[in-house]
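Reading through the structure tokens given below for one structure.
The values are calculated or read from the model by the stated rules, or taken from the named source; none is laboratory data. In this text, all values refer to a predicted model and were calculated from it rather than measured experimentally. Cβ atoms come from the backbone with ideal geometry, glycine included; neighbour counts cover every protein chain shown.
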């Protein structure tokens, strides 16, 4: 297995681009897949989110296009990356852009929730398109882009696209690409119809598995807290009160919005992330959380897959998910790339049997503790308490109308609901500056538990 990107066959210009952002050694999924993908083979890469899949498919995609001597044609990109959500599209492009720039290639990002005009313009000169299926189909029908020159097609988070019902759209898009093109499929699992894509569209693929979704995470500590129904709200507030980043999951959009508002009113700045928010509100809230201006994000399962934010030290299942795969994907937001992390599931008496079955199916053996708000374990899990902060009113943000597809965004824009975005208010004072160069990743592959500042970290970060 190659120890460096150069040994794996990555072109020198791309090696330099990675090194400029502190990425010098490949993660396992990159080391095992790059020799085959750079050689032009179809590849299946299996690994949980955070294992480094984005860099693993970005490098061969850019390398193949850089070696192609054919002239660029307007509205005829040569590489396509399909993703299930808007947030993942933006984060994949964040990884691709510096690599593409190093070889004079252009990237266009296509998803719903925003106007189509700028995207149509970007497609005129794009070499690589990162897209959600619904909006891309809309723009094809409008004559904005053709896939007949695609040389490399990547399916990222393929199992999540299947979970969201995008397989018919994915098949239609793949049918528009040339038969002889290279296909790279990256996924945590190969169930829910992903195997159909493999059999139909990949030619003699090589499969590499690293850190599948079902494999245990050695640096992830699981706790189940049995609480009384009347004490749950207090314990949730205490779990959100630490100085480090924490991600709280609820089952419903309304629950996420309500909890973020409650925490903010109590002096714990929090923002929400769910399908009812407009794209601008989703982007703003994720940015506030990513930069550390707000330390608490309250989300539905939309954030369980494809949201890559480093240094989330605590994940709290405020509402246990409906099935064990969602439990694993939610939990996977922490303990990323070798770092330590803690996962807490808050369980009321009526949920105990359900959670026992959930953790058993997930292969998790959590530490179970009955707690009250005064129990010392709560302070141990949350760490030092952050000072309470008053927050001015946040500007009203439009929400996505009911029925609009959150993942792909579709192609039609409805009327805004005009409701508040939740999450209370923007913290007072100046912003804490931009993201550290190279994202908000950790230095190298080293872990580190509840480290304080994120400044200066320059690993693969959210470029996974």
Item to complete: Quick one: residue 70 ticks every box in (1) modelled with pLDDT under 95; (2) out of contact with any helix residue (DSSP H, G or I) (no Cβ under 7 Å at 6 or more places or on another chain); (3) crowded, with 24+ Cβ neighbours inside 10 Å except a single one, so which number is it?
Response: (3)
Item to complete: Could you grab me the full set of residues in region 84-106 that are surrounded by 24 or more Cβ atoms within 10 Å (Cβ to Cβ), touching a strand residue (DSSP E or B) at 6+ places or on another chain (Cβ under 8 Å) and under 17 Å from residue 59 (Cβ atoms)?
Response: 92, 96, 100
Item to complete: Starting from residues that are under 22 Å from the mean Cα position of the chain (by Cα) and under 12 Å from residue 312 (Cα atoms), keep the ones in region 241-262 and report whichever is surrounded by the most Cβ atoms within 10 Å (Cβ to Cβ).
Response: 246
Response to the item:
Selection over region 294-308 where residues are part of a loop (DSSP other than H, G, I, E, B) and modelled with pLDDT under 90 yields a count of 5
Worksheet, complete the sentence: If we keep only residues of region 21-58 that are part of a helix (DSSP H, G or I) and either out of contact with any helix residue (DSSP H, G or I) (no Cβ under 8 Å at 6 or more places or on another chain) or not assigned by TED's automatic domain parsing to the domain that holds residue 128 (or both), then the residue modelled with the lowest pLDDT is 28
Item to complete: With the condition kept exactly as written, say whether any residue in region 230-246 is closer than 26 Å to residue 274 by Cα and assigned by TED's automatic domain parsing to the domain that holds residue 59.
Response: no
Discussion item. Regarding region 109-117, can at least one residue be identified that is closer than 20 Å to residue 12 by Cα and either at pLDDT below 95 or in a loop (DSSP other than H, G, I, E, B) (or both)?
Written reply: no
Worksheet item: In this structure, is residue 282 in the same structural domain as residue 233 (by TED's automatic domain parsing), within 21 Å of residue 54 (Cβ to Cβ), assigned to a helix (DSSP H, G or I) and at pLDDT below 90?
Response: yes
Discussion item. So, residue 396, is that one more than 19 Å from residue 248 (Cβ to Cβ), at pLDDT 85 or above and either not assigned by TED's automatic domain parsing to the domain that holds residue 237 or not in a loop (DSSP other than H, G, I, E, B) (or both) or not?
Written reply: no
Worksheet, complete the sentence: So, first residue on the phi > 0 side of the Ramachandran plot in region 307-322, second residue assigned to a strand (DSSP E or B), Cβ within less than 7 Å, six or more apart or across chains; the pairs are 311/245
Worksheet entry | Residue count, region 1-30 (criterion: free of Cβ contacts under 8 Å to residues at least 60 places away in the same chain, surrounded by 21 or more Cβ atoms within 10 Å (Cβ to Cβ) and within 30 Å of residue 179 (Cβ to Cβ)) | 3
Worksheet, complete the sentence: Output for Cβ contacts, cut-off 9 Å, separation at least six or different chains, first residue not assigned by TED's automatic domain parsing to the domain that holds residue 268 and at pLDDT below 95 in region 372-389, second in a loop (DSSP other than H, G, I, E, B) and loosely packed, with under 11 Cβ neighbours inside 10 Å, reads 389/428
Discussion item. So in region 59-71, with the set limited to residues that are without any contact (Cβ under 8 Å) to a residue 60 or more places away in the chain and part of a helix (DSSP H, G or I), which one is farthest from the chain's Cα centre (by Cα)?
Written reply: 67
Discussion item. Against the condition under 27 Å from residue 349 (Cα atoms), in the same structural domain as residue 348 (by TED's automatic domain parsing), crowded, with 22+ Cβ neighbours inside 10 Å and modelled with pLDDT of 80 or more, how does residue 317 come out, does it pass?
Written reply: yes
